[in-house]
1. Check off (1) open to solvent by 10 Å² or more (accessible area, probe 1.4 Å); (2) modelled with pLDDT of 95 or more; (3) not in a loop (DSSP other than H, G, I, E, B) for E309 and give me the number that stays unchecked.
2. Give segment 26-60 a look and list any residue that's touching a residue at least 12 places away in the same chain (Cβ under 8 Å), farther than 25 Å from I115 by Cα and open to solvent by less than 60 Å² (accessible area, probe 1.4 Å), or say none.
3. Being in contact (Cβ under 8 Å) with a residue 24 or more places away in the chain, open to solvent by 60 Å² or more (accessible area, probe 1.4 Å) and not β-branched (V, I, T) narrows it down to one residue among D164, D129; which is it?
4. Return the only residue of R340, R354 being closer than 22 Å to P188 by Cβ, surrounded by 17 or more Cβ atoms within 10 Å (Cβ to Cβ) and modelled with pLDDT under 90.
5. Only one of these conditions is not met by V264: (1) part of a loop (DSSP other than H, G, I, E, B); (2) modelled with pLDDT under 95. Which number is it?
6. May I ask you to list the residues in segment 261-315 that are of a type in the set (D, E, K, R) and in contact with a strand residue (DSSP E or B) (Cβ under 7 Å, 6 or more places away or on another chain)?
7. Testing Y67 on (1) hydroxyl-bearing (S, T, Y); (2) part of a helix (DSSP H, G or I); (3) free of Cβ contacts under 8 Å to residues at least 40 places away in the same chain, one condition comes back false. Which one is that?
8. From the list R200, R173, R178, exactly one residue is surrounded by fewer than 19 Cβ atoms within 10 Å (Cβ to Cβ), among the charged types (D, E, K, R) and at pLDDT 95 or above. Which is it?
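The values are calculated or read from the model by the stated rules, or taken from the named source; none is laboratory data. Bear in mind the structure is a predicted one, so any value in this text is a computation, not a measurement. Note that we place each Cβ from the backbone using ideal geometry, even for glycine, and neighbour counts take in every protein chain shown. Just so you know, the surface numbers come from the protein's heavy atoms only, side chains and all, with ligands and any DNA or RNA stripped out. Shrake-Rupley method; radii C 1.70, N 1.55, O 1.52, S 1.80 Å.
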Amino acid sequence: MTTTRLAALGRDEPPLLPLAQRLLAVAESGLPSMLLPGGEGFVFTMSGRQTPDGSWTLERRGTSTRYAAITVLGARFLPEDRQRAVLGGHTAQEFTGLLVESLPAVTNLGDAALIAWAAAETEHPKLSDALARVDALDEEGRPQYTVEAAWVLSALAAARDTVDVERRFSAARDRLLRARIGDSPLFPHATGPGLVPWYRAHVSCFADQTYPLQALARAHASAEQGGDPEALAASEACAARICELQGDGGQWWWHYDARTGGVVEGYPVYSVHQHAMAPTALFDLTDAGGSDFGAAIRKGLRWMTDVPELAVGHEESMIREELGVTWRKVYRGDPKKAVRAARGLGTRVAPNLRLKSLDRVYRPVSVDRECRPYEFGWMLHAWLGGLK
């Protein structure tokens with residue numbers, strides 16, 4: 001299957017097309033092993049362990065409703081037979097039905113929003129039930145985590161053509177736009193005070209940027225005549241800033257100062273950001289009428305095989321086809337995330353404080369040998385999907 005996005009990749013940087021196809025093949029081969037017994041849910045993570053003889057074993061750990069919903073959002077772009085292969089014999093719509101049935105026990109707003117988003121995209125007949133659960137969990141006027149607030153908006157944008165959600169849609173859109181601090185183009189970790197301790201309220205993560213910029217782009221695309229210029233401008237500004245801050249090796253950095261629009265701490269660098277989350281958000285923005293961020297997407301994708309952190313003396317592939325996984329991240333290995341804590345506290349008082357000596361003490365050469373279903377769900381969504 002060659003999509004518009006893959007075709008563009010092959011045109012603009014031909015050597016990267018085989019890499020994207022390789023990653024998509026790993027996703028399809030790896031997802032079935034992440035299914036729970038019975039094929040009605042997904043694990044939280046697959047943890048890799050190397051045995052004394054050098055071989056690897058993978059251990060399933062936990063379960064995750066949100067990861068299952070994200071997997072559906074990506075798998076729906078596969079042909080039906082391949083949907084069934086990765087979703088335990090179900091189509092994307094059928095698997096969404098299982099998730100909708102679980103909603104009475106779902107208490108997390110983000111989980112419910114992702115299920116509703118999947119229901120809208122797969123045209124599930126119980127979309128209204130899914131949206132009702134989101135409404136019940138999204139208490140009016142109550143601050144929410146930015147990622148979950150963004151998923152609510154994406155779900156409502158996807159549902160606009162099917163169900164009357166305009167009042168809730170407007171509230172969700174306005175909540176995201178109001179969450180920004182001053183004239184910063186970046187988004188904070190929460191839409192209001194009370195959820196994050198004061199000393200790190202200025203620190204937000206990469207997901208706090210990609211999901212809102214994606215949701216606002218989709219809000220613009222879902223609007224009739226003329227779209228939503230304010231939402232598109234906010235999405236564009238956020239995208240431009242994270243691309244400006246992108247590392248020389250293509251790294252999408254992890255923690256930002258939502259007040260100043262700067263980087264607080266770059267590590268960990270997550271594989272899912274490189275091959276999936278940044279591409280899917282930036283592609284959606286371009287499809288919605290925003291700028292072309294293809295150069296930054298390609299630079300980030302290239303990191304998957306050209307990992308500067310794992311250069312001489314630390315060589316290790318982040319892609320393991322034989323296991324059906326991509327290793328989760330490269331990180332510092334510092335005890336209790338000391339660098340992140342020090343820089344978070346330091347930038348609270350002095351926004352431009354970098355504490356560069358920490359980079360020499362704690363080098364980012366450790367590999368987190370886990371892989372989670374949502375990493376592959378967003379990968380499928382990024383490279384096989386599209387708003388048009």
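1. (2)
2. S47, G48, W56, L58
3. Numbers: D164 fails: in contact (Cβ under 8 Å) with a residue 24 or more places away in the chain.
So the residue among D164, D129 that is in contact (Cβ under 8 Å) with a residue 24 or more places away in the chain, open to solvent by 60 Å² or more (accessible area, probe 1.4 Å) and not β-branched (V, I, T) is D129.
4. Answer to the check: R340.
5. Here V264 meets the rest and fails (1).
6. Step one: filter segment 261-315 for residues of a type in the set (D, E, K, R), giving 265, 284, 287, 292, 298-299, 302, 306, 309, 315.
The answer is E265, E309.
7. All conditions pass for Y67, except number (3).
8. Values: R200 fails: at pLDDT 95 or above; R173 fails: surrounded by fewer than 19 Cβ atoms within 10 Å (Cβ to Cβ).
Selected residue: R178, the only one of R200, R173, R178 that is surrounded by fewer than 19 Cβ atoms within 10 Å (Cβ to Cβ), among the charged types (D, E, K, R) and at pLDDT 95 or above.
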